[in-house]
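The next block holds one structure in the form of structure tokens; read it before the comments.
FYI, it's all coordinate maths here, none of it is from the lab. Note that this is a predicted model, so its numbers are computed, not measured. So basically every Cβ, Gly included, is an ideal-geometry build from the backbone, and we count neighbours across all protein chains shown.
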Amino acid sequence: MQAPCFPLQYLRLLTFLAKSRNMTKAPEILCVGSVLWDIIGRSASHMRAGSDVPGRIIRLPGGVAMNIAMALSRFGLKPALLSAIGQDPEGNELVAECARRGLGTDHLYRSADLPTDRYMAIEGANGLIAAIADAHSLEAAGDKILNVLNFGPLGRPENPFDGLIALDGNLTAGLLEQIATSPSFSKADLRVAPASPGKAERLLPFLRSGRGTLYVNLEEAGLLCQSSFETADQAASQLLERGAARVLVTNGGDGCCDATADGLIQECPPPVLVTRVTGAGDTFMAAHIAAECDGANRKDALSRALHAAAAYVSGEVAI
Ligand SMILES: Nc1ncnc2c1ncn2[C@@H]1O[C@H](COP(=O)(O)OP(=O)(O)OP(=O)(O)O)[C@@H](O)[C@H]1O
Ligand SMILES: O=c1[nH]cc([C@@H]2O[C@H](CO)[C@@H](O)[C@H]2O)c(=O)[nH]1
């Protein structure tokens with residue numbers, strides 16, 4: 001007897017339906033902030049200001065929102081990006097790169113007159129020497145990047161988006177203030193990361209409004225509180241006192257703290273040999289969000305995030 005088989009056309013139709021269903025599905029999480037090209041000069045030499053040494057210069061997709069989106073995608077989520085990207089060749093290549101990595105690009109704001117943003121860093125054998133983030137186009141685009149949440153299709157003030165939003169501190173302080181207080185964002189589960197210590201204070205609106213979950217390292221926590229801290233739990237308690245609804249404070253290889261009005265939870269990452277540090281914070285945040293999406297409770301989500309970030313810094317994870 002012959003094995004029953006579906007006609008090829010029927011199988012093709014099923015594949016098409018499955019694909020189009022996936023395409024129209026709302027994104028699981030929106031990543032809002034910088035999506036740009038990182039231009040990194042690397043040298044094996046020890047460097048200082050003024051050094052001129054042989055090395056390699058590479059270009060790769062970056063920006064905090066992009067880095068978080070890529071990490072979320074590694075943890076199995078389907079993120080979509082909200083950012084400003086130029087209609088220049090660099091922008092076209094960047095959007096193609098985002099799509100190739102499975103990130104949603106349909107809701108990006110493509111500016112006809114603003115160039116695609118860039119970040120430039122010099123790394124020597126002794127670590128990061130200096131970096132400049134040129135996110136002027138994102139800043140100039142302002143709230144245009146949020147049109148899909150203010151005027152549809154993803155949300156409107158009278159029917160706000162009620163999913164997860166990962167937000168970065170590359171947005172201007174004014175726009176972050178708007179997000180913290182606007183009705184269009186009142187139902188969203190906001191997860192907020194500063195883009196760099198230099199931009200940490202832009203997160204103050206989330207303390208004033210008591211909105212969102214903040215992911216900061218010990219230095220950024222100190223900058224937000226105009227203080228300095230020895231431990232993550234001290235920093236987290238102070239951030240709660242200053243109005244934060246929830247905060248996760250990381251501290252490299254030392255103890256990390258998840259703090260809400262319900263209490264503080266602490267854990268240390270497993271000890272590992274560090275081979276890579278840049279991106280540790282984004283990996284921690286993405287793994288934590290992914291764990292909570294998966295139904296993990298606070299304690300388990302913290303533990304999973306710490307283990308994932310430790311594996312990342314140890315170089316165990318291919319990226
Ligand atoms: N030395 C380490 N040993 C083990 N885990 C580490 C180490 N450094 C970082 N991690 C992991 O990464 C998490 C985030 O690290 P860290 O506090 O340095 O973030 P960050 O300063 O925001 O990182 P970056 O800015 O480099 O992306 C830690 O909570 C931990 O899970
Ligand atoms: O001000 C900023 N500094 C750094 C970044 C991004 O972080 C990564 C380096 O830490 C890198 O991808 C850069 O683009 C940014 O988006 N804004």
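When the Cα gyration tensor is reduced to axis lengths a ≥ b ≥ c, the ratio a/c is 1.5 or higher for the range 235-319, and with a/b above b/c it is classed as prolate.
Restriction of the trypsin sites (Lys or Arg not before Pro) in the range 57-149 to DSSP coil positions whose beta-carbon has at most 15 other beta-carbons within 10 angstrom yields R101. Taking other C-beta atoms within 10 Å as the exposure proxy, F229, F206, F151 rank F151, F229, F206 from fewest upward. Our note on the geometry: Cα centres of the range 212-269 and the range 110-144, 27 Å apart.
For the range 26-98, DSSP calls about 65 percent of its internal beta bridges antiparallel. When each of the peptides 267-280, 162-175 is scored by the mean number of other C-beta atoms lying within 10 Å of its residues, the order from highest to lowest reads 162-175, 267-280. Between T231 and T181, the distance separating the two model label sites (each 7 Å from Cα on the Cα→Cβ line) works out to 3.7 nm. Taking the Cβ of A71 as the center, what net charge do the other residues with Cβ under 14 Å away carry, scoring Lys and Arg +1 and Asp and Glu -1? Net of charged neighbours comes to +3. Express the relative contact order of the range 111-182 as a whole percentage, based on alpha carbon pairs under 8 Å and six or more residues apart in sequence. Contact order relative to length: 22 percent. Maximal additional length on extending the R156-R101 stretch stands at 16.9 nm, based on 0.36 nm per residue less the C-alpha distance. With R₀ fixed at 22 Å, the C-beta to C-beta distance from I319 to D189 puts the FRET efficiency at about 0.30. According to the square roots a ≥ b ≥ c of the eigenvalues of the Cα gyration tensor, what is the shape class of the chain, taking rounded for a/c under 1.5, prolate for a/b larger than b/c otherwise, and oblate for the remainder? Rounded shape, in that the Cα axes give a/c under 1.5.
Applying 1/(1 + (r/R0)^6) with r as the Cβ-Cβ distance of D254 and D134 and R0 = 30 angstrom yields a FRET efficiency of 0.35. Of A49, A259, A131, which has the largest mean-square fluctuation in a 10 Å C-alpha GNM of the chain? Checking each option, the largest mean-square fluctuation is seen for A49.
So which residue, out of S83, S34, S73, gets the largest mean-square fluctuation from a GNM of the chain using Cα contacts under 10 Å as springs? Residue with maximal mean-square fluctuation among S83, S34, S73: S73. Between L82, G55, L72, the Cα set farthest toward the positive side of the dipole of the range 45-93 (charges on each charged residue's Cβ, about the Cα centre) is that of L72. Using Cβ point charges alone (K and R +1, D and E -1), the dipole size of the range 211-269 about the Cα centre works out to roughly 280 debye. So how far, in whole Å, is the C-alpha centre of the range 293-319 from the one of the range 69-90? The range 293-319 and the range 69-90 have Cα centres separated by 21 Å.
Net charge dipole, the chain: roughly 880 debye, given to the nearest 20, about the Cα centre with Cβ charges of +1 for Lys and Arg and -1 for Asp and Glu.
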